[in-house]
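A.B. asks: One structure is given below, represented as structure tokens, and several questions about it will come after.
Derivation of every value follows stated rules applied to the coordinates shown; laboratory data play no part. Being a predicted model, the structure only gives us computed values, none of them experimental. When we count neighbours, we look across all protein chains shown, and the Cβ atoms used for this are built from the backbone with ideal geometry, even at glycine.
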Amino acid sequence: MTVLALLLFLPIAFLRLWRLDKVPIALFGDEIDVGLQAYSISETGRDYFGNRLPVLFHSFAEYRLPMQLYLDAPFIKILGLTELGVRAPSVVMGLISIIAIFFLVRKIFDEKVAVVSAIFLSLSPWHFIYSRQANDAGILLPFILLGTLFFVKGMESYKFLFLSSLFFCLGIYTYYPASAFVPLFIILLVLVYRKKILGYGAQKIGFLFLATLIILSPYLTQFISGRATERFSYISVAPENKSNERGIAERVFKNYSKSFSFSFLFSEGDPNPRQSVDGWGLLYRFDLIFILFGLFNLIRSFAELSEERKKLVSVLGLWLLVAPLPSSLTEGGGTHASRLILMLAPLTVLSALGFMLILNGAKNFKSKLIVGVLLLFMAFEVVRFFQSYFTLWPKESWRLWQSGFKEAISFVKANEGGYQKVILNNTYEPMLPRFLFWYGYDMALFQKTFDDDKHIQNIYPSLNGFKLGDKFYFGELVKPIENLAKEDNLVVASAEKDVTNPTIFEDSELKLLNVIYSPEKTPIFYIYTQKK
Amino acid sequence: MKRYYILLSLIFTLALLVRVVGISSYPVGFTQDEAGIGYDAYSLALTGKDQWGKAWPLTLRSFGDFKMPLYSYLAIPSVYFLGLSEFSVRLPGALLGTLAVFTTYLMAIKLSGRKELALLSAFFLAISPWHIGLSRGAFEANLTTFFITLGVWAFIEGLKSPRLMILSSLSFGLNLFSYHSGRFFTPLLIIILVASFRDNFRGNILNRYKIPILVFGIFAFATFYSMFTGAAKRGLDITIFNPTDNWAYVSNKRYGLILEGTPLFFARLFSNKLLYVFTQFYKNYFSYFSTTFLFSEGVAEANYGLIPGRGVLYALETVFVVASIISFSTKKGFSKMGFIILWAILAPIPAALTKGPGYAANRAATMMPAIQVLSAWGLVFLYGMLKGRFGKGFARVFLWASLIILLGSLALFLADYRYNAPPKNSKSMQYGMRDIMSTINSIEGKYGRIHLSRTLSTPNIWVQFYMKVPPSEVQDASDAWLRYERLGIKYLDQLNGYSLGKFTFGDIAISELQGMNYLVVGRPEEFPSNVVPIASFSYLDGSPSYIMVDANGL
């Protein structure tokens, strides 16, 4: 068994690590931020705005939950400011969730379904996408799986409940939707197991409650001060978007309905190309057949299950029903693969269950032949997905991953020696975090010297922006951008925002040093100075 | 006993009211297909020939799209007696939609033997936004609900008295001429129907049912025959085997793979036509069972008077449909529930074979009333379950609360339909042609010729319909229009410069029209921006639709 597990695990891990620096094609804003905060905390013990060991990290755009950032700190320390360093926690937590689902499903059904669930999860597009990018969603899943596993185990032995509480709480420290999902889910779990839990007596329950309160207290203090809710209310259904005249209940219902829709799960996926591969849903097409089959059989046989099994199956069902709720409360949450990540686990289990039922149902030669063809088709689909993921997707999605910054800033770093000022465009995408990251800027120095990134008119002739130290200027390049070219200046201009007419580099005083191209061979950045 | 009849007549009255009241104005606008169907009915009523001069045709050439003929034939009486108008053309659809509520009751009671289920099924269909929407326009898709339910009812009755089997044959036979998806689905339905009742067939079936078989055979033969006279054309043109982008998606993906160094064999394996067609079918097919289509978002386009952004069922029905599926999975369904489930499963196949974004409630109309029967059963099942667990009082409260919420949902839907939908739907429903034609009518005497742009999509039909051009004139003129076919053009309105009396249709070529004594009608963007129109028209959301220009001023 262990040999088999290892044999399975190696390719699963390999697929998650292979070309991790190239696919997804670049570190996009949120990932850069993860790396930068991890870098800052590992170097100075503070977030980059100088808060010591924060519960919520102060980032340029928002206050961030801390889990991923702390998890990433050791990796950044070891692997440096690289794609690998930033994405490593996602890979590790992705692998842990595969192990966790095995143990949970073994508890609910049996070992075979558990193995299949683990394999299905490891190959699922949804899981794969979030195993290879630094996103809180992928980090959250294993915590909830483990929290549930230990809750169920806690119904046999009291001490496991502390582990359950710990993991659920860590989930709350990981990703915002958990702060809605976890309480709801726990209430339902308690209802399902009410007899057992009441049997533990007031004292034991009190202990557990106290422990939970202690683990959550740092979060709760932040929550009460209002910081933790900032982002969540920002995207909640109620405010904004006046054009949508419909009531809140209706919009929540619509979101909820969308998250169970065929097109989201099986054919179109998330409209955001960072969170879905073009031409693929978040699950495989064959998953639909298995899920329906699994569901149909569970409903059919539910009455005949043992009391114990009934409860376990209810846990699974309630998980699936509650999982989309937090996301439904947010604008666009009906098709948001990150916020809906918790749906993945129960859906995968149902799919595995359906698959096993079909496999076991094939007794005679004819049905075995059909299953054989089915397996072949499944293998084909899986291979086809990985093919799309690794070859087509990076190119198709480069714009949303915002590629080009690494190359541009590495060039700046290698050549800045000869210049007194470096002027960088800040209107295409926020440049400062990317600059700090790829430059490997000294974070202690940054914390000391940086004050604000608001644009100031004419901070430098022909530039509205801000500066970092005396050398680096960020902002809006005022046209004509030729004015910025001085012998001592190195300018990084955006092709989209600044260089609307690239012929200026042909015959003027300008010296074009480098052009950074997208995979589609369109220019992203022009780096230039003045001819000597 | 008596109570059931009172309830049934109440449901029937409600169905009639919400289907017939105000059909000439709501759904807003009047589409080219409705006008085409109506004019052919007019032409048939007066001359016995369609607008192309074909006597009693099995398919209507119409705009080159070869429509199914049944609706036009059914509209002959109302158009003949009430005159050619939006009302008279839409009336048969509304009446058959109402009758479908009654035939659904008959069918459900025969299938299940349960009066309460039959009544609720009729009620659910009566208030269904999907069915009301399709009933209120001259939409061929809607006919199938009536003919299929009648056919199924007569079939079950016919097992006892073979004479009613003739009615069943007739009903299914006519349905072969109702709509493309109805035509495709009817044989599938007959197969599952016969299979579901196979135990009832004993002895010499061929002899017992020789007349019904003969009747259906005639219809089947006529269908087969008409396939060779053009009906198959549109059928093929709109299938997924013939993608609009001409396989560009497939070749782009394959090219991308090759660029990345994938060997040709694998690039072909991973991106090919077969896979594409399969994916499209899969996507389309399941779109009709998607939670969004059924309960929350509904149709993708508004061109059949339905409201995008609103489920084809009511939100509350989510509960009923889920309960219904659970009852079936646990073998607690009604008798012959398997037949209804199979019906619902097979019904979207024809819709899935046609291209488009999916979510086309007209193409999937064959799912009705199976889906309403299932939903109604969910309520019956839940009632029974609650009664068993919490007592009769509780169950009754649940039942009445459900019914009141459903009636409230109906009221909200009707309000939406009456007040919110018109501005949103007016463009898709080709609103404004009546006004444009009456304006032309009042000033056409001043002009030597009236030129209508092809952007009025099939401009000839508006003239024919609203000016009530005598069919014989159209039949004479359409002789010359047939050249579109020889030119290899698919649809009539792609032909440039065909004419009817003093009306000409086609592109607006400013240089040729300048200074002539012509009246020109087209989209604002078809004219120079400085032109001063005689009259301007707009959709109900305020966006401009068409303008009328004197060519002297160009």
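A.B. asks: Using R₀ = 25 Å, calculate the FRET efficiency as 1/(1 + (r/R₀)^6) where r is the Cβ-Cβ separation of B:LYS392 and B:LYS115; round to 0.05.
C.D. replies: Rounded to the nearest 0.05, the efficiency is 0.90.
A.B. asks: So how far apart, in nm, are the two label points at A:LEU79 and B:ASN496 if each is 7 Å from Cα heading toward Cβ?
C.D. replies: 6.2 nm
A.B. asks: Right, another one. By a straight-distance test (C-alpha under 18 Å), which aspartates and glutamates pair with B:LYS273 as possible cross-link partners, with residues fewer than eight away in the same chain excluded?
C.D. replies: A:ASP278, A:GLU381, B:ASP237, B:ASP245
A.B. asks: Calculated FRET efficiency, A:LEU359 and A:PHE380, Cβ-Cβ r, R0 25 Å, to nearest 0.05?
C.D. replies: Once the sixth-power term is evaluated, E becomes 0.90.
A.B. asks: Another question about this same structure. ³J(HN,Hα) across segment B:390-407 via Karplus (A = 6.51, B = -1.76, C = 1.60, θ = phi - 60°), whole Hz, x for Gly/Pro?
C.D. replies: 10, x, 5, x, 4, 4, 5, 4, 4, 4, 5, 4, 4, 5, 5, 4, 5, 5
A.B. asks: Here is a follow-up. Under the definition of partner shielding as Cβ atoms of other protein chains within 10 Å of a residue Cβ, what is the mean value for peptide B:265-272?
C.D. replies: Shielding by partners across B:265-272 averages 3.
A.B. asks: Also, I was wondering about something else. So who's got an amide H within less than 5 Å of the one on A:TYR517, skipping anything under 5 residues away but keeping other chains? H placed 1.01 Å off N, in plane.
C.D. replies: Residues meeting the criterion, in which the H sits 1.01 Å from N, are A:ILE524.
A.B. asks: Let me ask another. Averaged across the residues of B:281-292, what count of C-beta atoms belonging to other chains lies within 10 Å of each residue's C-beta?
C.D. replies: Mean shielding count: 5.
A.B. asks: So, by mean Cβ neighbours within 10 angstrom, what's the order for A:420-426, A:151-157 with the highest one leading?
C.D. replies: So the order, starting with the most tightly packed, is A:420-426, A:151-157.
A.B. asks: Please grab the % of Cα pairs in segment B:52-134 that end up more than 20 Å from each other.
C.D. replies: 52 percent
A.B. asks: What is the Cα convex hull volume of segment B:108-155 when expressed per residue in Å³?
C.D. replies: About 63 Å³ per residue, rounded to a whole number.
A.B. asks: Moving to a separate point now. Test of understanding: ordering B:HIS131, B:HIS451, A:HIS58 by Cβ neighbours within 10 Å, fewest first, what list do you get?
C.D. replies: By the 10 Å Cβ count, ascending, the order reads A:HIS58, B:HIS451, B:HIS131.
A.B. asks: Strictly greater than 30 Å: what percent of every Cα pair in chain B meets that?
C.D. replies: 55 percent
A.B. asks: Report the Rg/Rh value for segment A:1-66, based on alpha-carbon coordinates and the Kirkwood definition of Rh.
C.D. replies: 1.20
A.B. asks: Still on this model: Compute for segment B:436-554: radius of gyration divided by Kirkwood radius, i.e. Rg/Rh, restricted to C-alpha atoms, rounded to two decimals.
C.D. replies: 0.96
A.B. asks: State which entries of A:LYS159/A:LYS310; B:LYS2/B:LYS110; A:LYS395/A:LYS511; A:LYS421/A:LYS479; A:LYS471/A:LYS521 exceed 25 angstrom in Cα-Cα distance in the structure shown.
C.D. replies: A:LYS395/A:LYS511; A:LYS471/A:LYS521
A.B. asks: Compute the signed sum of charges (Lys and Arg +1, Asp and Glu -1) over the other residues within less than 10 Å, Cβ to Cβ, of A:LEU161.
C.D. replies: The answer is +3.
A.B. asks: Between B:ILE450 and residues 5 or more places away or on another chain, which pairs have amide H atoms under 5 Å apart, with H built 1.01 Å from N, and which residues are they?
C.D. replies: Those qualifying (amide H under 5 Å, at least 5 residues apart or on another chain) are B:PHE503, B:THR504, B:LEU519.
A.B. asks: Okay, next question. In the neighborhood of B:PHE266, defined by Cβ-to-Cβ distances under 14 Å, what is the net charge if each Lys or Arg adds +1 and each Asp or Glu adds -1?
C.D. replies: My count for the surroundings of B:PHE266 gives +3.
A.B. asks: Further question: How far is it, in nm, from the label point at B:ASP199 to the one at A:ALA414 when both lie 7 Å from their Cα along the line to the Cβ?
C.D. replies: 8.1 nm
A.B. asks: Compute the normalised compactness of segment B:1-58: alpha-carbon radius of gyration over 2.2 N^0.38 Å, N being the residue count.
C.D. replies: 1.77
A.B. asks: Here is a further query. With no solvent and one equal point scatterer placed on each C-alpha of chain A, evaluate the Debye formula and give log10 I(q)/I(0) for q = 0.06, 0.10 Å⁻¹, two decimals.
C.D. replies: The computed values of log10 I(q)/I(0) come out as -0.34, -0.88.
A.B. asks: Taking neighbour counts of Cβ atoms within 10 Å as a proxy for exposure, in what order, fewest first, do A:LEU283, A:LEU79 appear?
C.D. replies: A:LEU79, A:LEU283
A.B. asks: Under 37 °C and 0.692 mPa s, how fast does the protein assembly as shown diffuse according to Stokes-Einstein, given a Kirkwood radius computed over C-alpha pairs? Answer in µm²/s, whole number.
C.D. replies: It comes out at roughly 98 µm²/s.
A.B. asks: Taking θ as phi - 60°, what are the ³J(HN,Hα) couplings along segment A:457-463 by the Karplus curve (6.51, -1.76, 1.60), each to the nearest whole Hz, with x for Gly and Pro?
C.D. replies: Whole-Hz 3J(HN,Hα) from phi for segment A:457-463: 4, 6, 5, 8, x, 6, 9.
A.B. asks: Can you tell me the mean projection area, over all orientations, of the convex hull of segment A:391-532's alpha carbons? Units nm², please.
C.D. replies: Seen from a random direction, the Cα hull of segment A:391-532 projects 8.8 nm² on average.
A.B. asks: Moving to a separate point now. Which lysines have a Cα lying under 27 Å from the Cα of B:LYS49, excluding residues fewer than 8 positions away in the same chain?
C.D. replies: B:LYS67, B:LYS233, B:LYS468, B:LYS490, B:LYS502
A.B. asks: On to the next question. Under 20 Å from the Cα of B:LYS54, which aspartates and glutamates turn up, not counting those fewer than eight places away in the same chain?
C.D. replies: B:ASP33, B:GLU34, B:ASP40, B:ASP65, B:GLU473, B:ASP476, B:ASP479, B:GLU485, B:ASP493
A.B. asks: Related question: Can you give the net charge of the other residues whose Cβ lies under 10 Å from the Cβ of B:GLN32, counting K and R as +1 and D and E as -1?
C.D. replies: Here the charged neighbours net out to -4.
A.B. asks: Using each residue's phi in segment A:205-218, evaluate 6.51 cos²θ - 1.76 cosθ + 1.60 at θ = phi - 60° and report the 3J(HN,Hα) Karplus result to the nearest Hz, with x for Gly and Pro.
C.D. replies: Coupling constants for segment A:205-218: 5, x, 4, 4, 4, 4, 4, 4, 4, 5, 4, 8, 4, x Hz.
A.B. asks: Taking a quarter of the surface of the convex hull around the Cα atoms of segment A:484-532, what do you get in nm²?
C.D. replies: 3.3 nm²
A.B. asks: State which entries of A:LYS366/B:LYS331; A:LYS366/B:LYS283; A:LYS107/A:LYS196; A:LYS195/B:LYS332 exceed 21 angstrom in Cα-Cα distance in the structure shown.
C.D. replies: Check vs 21 Å cut-off fails for A:LYS366/B:LYS331; A:LYS366/B:LYS283; A:LYS195/B:LYS332.
A.B. asks: Let me ask something else about it. Under the definition of partner shielding as Cβ atoms of other protein chains within 10 Å of a residue Cβ, what is the mean value for peptide B:254-262?
C.D. replies: 3
A.B. asks: Kirkwood hydrodynamic radius for segment A:23-161: how many Å is it when counted over pairs of different Cα atoms?
C.D. replies: By the Kirkwood definition, the hydrodynamic radius is 16.1 Å.
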